[in-house]
Amino acid sequence: MNATQVMRRTLGPAAAPSRLHSERVAAILGIALGVAFTTCFVTGVLSHLIQEPPGWFQWPSRPAGLYRVTQSVHVATGLASIPLLFAKLWTVYPKLFQWPPFTNVAHLIERVSLVPLIGGGLFELFTGLANINQWYPWPFNFRTVHFAVAWITIGALIVHIGAKWAVTRSALARREEPPTPESKHDALDRRRFLLGVFGASGLVTLFTIGQTVRPLERLTLLAPRRPSVGPQGFPVNRSAAEAAVLELARDPAYRLTVDGNVRRPLELTLDDLRALPQHEATLPIQCVEGWSVSQTWRGVRVRDLLDMADADDDAEARVVSLQQRGAFGESDLNRWHAHDRDTLLALEVGGEALHIDHGFPLRLIGPNRPGVMQTKWVTRLEVV
Ligand SMILES: Nc1nc2c(c(=O)[nH]1)N[C@H]1C(S)=C(S)[C@@H](COP(=O)(O)O)O[C@H]1N2
Ligand SMILES: [Mo]
């Protein structure tokens with residue numbers, strides 16, 4: 001084959017329909033994408049439920065590292081899907097412009113469902129990628145819209161799988177006809193193409209997963225965060241300056257208030273807090289954006305404070321930050337989280353007082369929670 005032929009084979013579907021655009025390649029990529037999207041969807045819905053629990057849902061505080069796994073899988077499967085989705089679109093795009101556009105009603109429905117499927121898939125991957133880079137080039141709330149479009153995309157995916165089930169099965173089951181030199185060549189091309197695509201997907205994973213798998217940190221070439229870079233050796237999601245709490249956090253008049261539905265409200269200075277029994281726990285921060293890091297924290301157990309304030313045994317609590325604006329200024333502790341032995345209002349990390357960017361004077365840290373619910377600069381524990 002000369003160079004022009006190679007070009008035509010790879011770029012010119014209209015000229016000579018390349019075998020790379022074959023049903024078999026489309027089917028294999030489709031299965032990989034189906035698995036990745038479904039995994040990403042399930043872990044994403046879970047993360048959403050944890051952050052905005054409906055009445056029937058209570059996320060447990062154990063196992064302590066479970067959310068670290070599910071959210072790392074969410075971000076990793078999303079990132080790995082990017083090369084898969086583009087390869088799939090490239091494989092099928094001659095069919096997207098076929099004429100006539102549909103032949104019967106079932107075919108029409110199948111084709112119409114491609115709009116939310118492709119549009120939704122591209123939208124989810126783009127907004128997710130922008131979010132982990134903390135780039136918000138849109139006017140809407142990321143999580144609400146990312147969640148809504150996930151349902152649209154997965155709905156369209158189910159329709160698509162239903163419509164393509166038979167084609168996929170026969171494309172995968174088809175026995176090779178007696179090989180000619182030409183067909184052997186095509187098979188080799190297809191195999192190389194698929195290897196390239198899965199290789200790209202694997203490399204994306206390898207070069208980003210170090211943001212959460214510590215031994216691979218040095219390979220973190222594509223992820224925005226490295227788990228050992230930041231004050232006290234780990235990342236900061238939002239600094240004290242960005243949250244506009246520098247003065248409040250250093251104010252000698254700082255107090256922790258424990259109030260709400262309690263029989264003995266408390267007001268504690270920093271020295272009061274330091275004089276209480278201290279407890280140590282090694283727990284991860286798992287940011288929803290994909291990075292995570294485990295640290296050893298020391299501070300006062302939330303359940304001890306609830307006992308001191310004489311709250312009910314199954315009390316739930318809201319943790320409130322000094323931070324006035326922005327969405328992360330408070331978080332809720334359900335029954336399990338409020339009473340877990342390792343849910344702390346921490347004063348120290350790694351044997352030092354908290355850096356102000358990590359939440360000095362006091363931060364929440366508890367097992368099995370999204371990073372965004374590990375509230376920093378805590379000033380109030382309101383029993384609800
Ligand atoms: N008050 C307040 N607490 C907060 C945040 C915030 O913006 N404001 N960010 C949260 C997020 S998204 C994460 S991942 C963790 C990160 O903690 P770190 O900055 O100490 O690493 O803090 C959480 N606590
Ligand atoms: Mo986060």
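Here W336 meets each of (1) over 11 Å from T375 (Cα atoms); (2) part of a loop (DSSP other than H, G, I, E, B) with one exception, condition (2).
Consider the stretch 233-266 and keep the residues that are under 27 Å from I285 (Cα atoms) and β-branched (V, I, T). The one that is nearest to ligand 1 (Cβ to nearest atom) is V236. Only one of the numbered conditions (1) outside any helix (DSSP H, G or I); (2) on the phi < 0 side of the Ramachandran plot; (3) surrounded by fewer than 24 Cβ atoms within 10 Å (Cβ to Cβ); (4) within 13 Å of ligand 2 (Cβ to nearest atom) is not met by V372, and that is (1). A residue that is touching a helix residue (DSSP H, G or I) at 6+ places or on another chain (Cβ under 8 Å), assigned to a loop (DSSP other than H, G, I, E, B) and within 16 Å of ligand 2 (Cβ to nearest atom) can be found somewhere in the stretch 266-288.
All of (1) crowded, with 23+ Cβ neighbours inside 10 Å; (2) more than 8 Å from ligand 1 (Cβ to nearest atom); (3) not small (G, A, S) hold for E348 with one exception: (1).
Kindly establish whether R169 is surrounded by fewer than 17 Cβ atoms within 10 Å (Cβ to Cβ), within 21 Å of F37 (Cβ to Cβ) and away from ligand 1 (no atom under 16 Å from the Cβ). Break it down into steps so the answer makes sense when it comes.
On the way: surrounded by fewer than 17 Cβ atoms within 10 Å (Cβ to Cβ): yes; within 21 Å of F37 (Cβ to Cβ): yes; away from ligand 1 (no atom under 16 Å from the Cβ): yes.
So R169 passes the test.
With respect to the numbered conditions (1) modelled with pLDDT under 95; (2) over 23 Å from I154 (Cα atoms), which one is the sole condition not fulfilled by R24? Result: R24 fails condition (2) only.
Of the set (1) more than 27 Å from the chain's Cα centre (by Cα); (2) more than 11 Å from ligand 1 (Cβ to nearest atom), all apply to A338 but (1).
Could you check the stretch 176-230 and list, in sequence order, the residues that are under 19 Å from the mean Cα position of the chain (by Cα), of a type outside the set (K, R) and part of a helix (DSSP H, G or I)? Listed by number, the residues that qualify are S201, G202, L203, V204, T205, L206, I209, G210, Q211, L216, E217.
Taking first residues from the stretch 287-302 that are over 23 Å from P277 (Cβ atoms) and in contact (Cβ under 8 Å) with a residue 60 or more places away in the chain and partners that are within 16 Å of ligand 2 (Cβ to nearest atom) and among the basic types (K, R), the Cβ contacts under 8 Å between residues at least 6 apart in sequence or on separate chains come to C287/R225; E289/R225; G290/R225; W291/R225; W291/R226; S292/R68.
Inspect all residues belonging to the stretch 310-323 and state whether any of them is of a type in the set (A, V, I, L, M), closer than 25 Å to T212 by Cα and either within 15 Å of ligand 2 (Cβ to nearest atom) or modelled with pLDDT of 95 or more (or both).
Within the stretch 310-323, the subset of a type in the set (A, V, I, L, M) is 311, 315, 317, 319-320, 322.
Then keep just the ones that are closer than 25 Å to T212 by Cα; that gives none.
No, that holds for no residue.
If the condition is being surrounded by fewer than 14 Cβ atoms within 10 Å (Cβ to Cβ), more than 10 Å from ligand 1 (Cβ to nearest atom) and closer than 30 Å to T220 by Cβ, then the stretch 281-326 contributes T282, T296.
Among residues of the stretch 49-77 that are touching a residue at least 60 places away in the same chain (Cβ under 8 Å) and over 16 Å from E289 (Cα atoms), those with a Cβ under 7 angstrom from a residue that is of a type in the set (F, W, Y) and in a helix (DSSP H, G or I), sequence gap 6+ or separate chain, pair up as Q58/W336; P60/W336; S61/W336.
There is no residue in the stretch 350-358 that is assigned to a strand (DSSP E or B), of a type outside the set (K, R) and within 16 Å of ligand 2 (Cβ to nearest atom).
The values are calculated or read from the model by the stated rules, or taken from the named source; none is laboratory data. Predicted model only: the values in this text are computed from it and were never measured. Neighbour counts run over all protein chains shown; Cβ positions are idealised from the backbone, glycine included.
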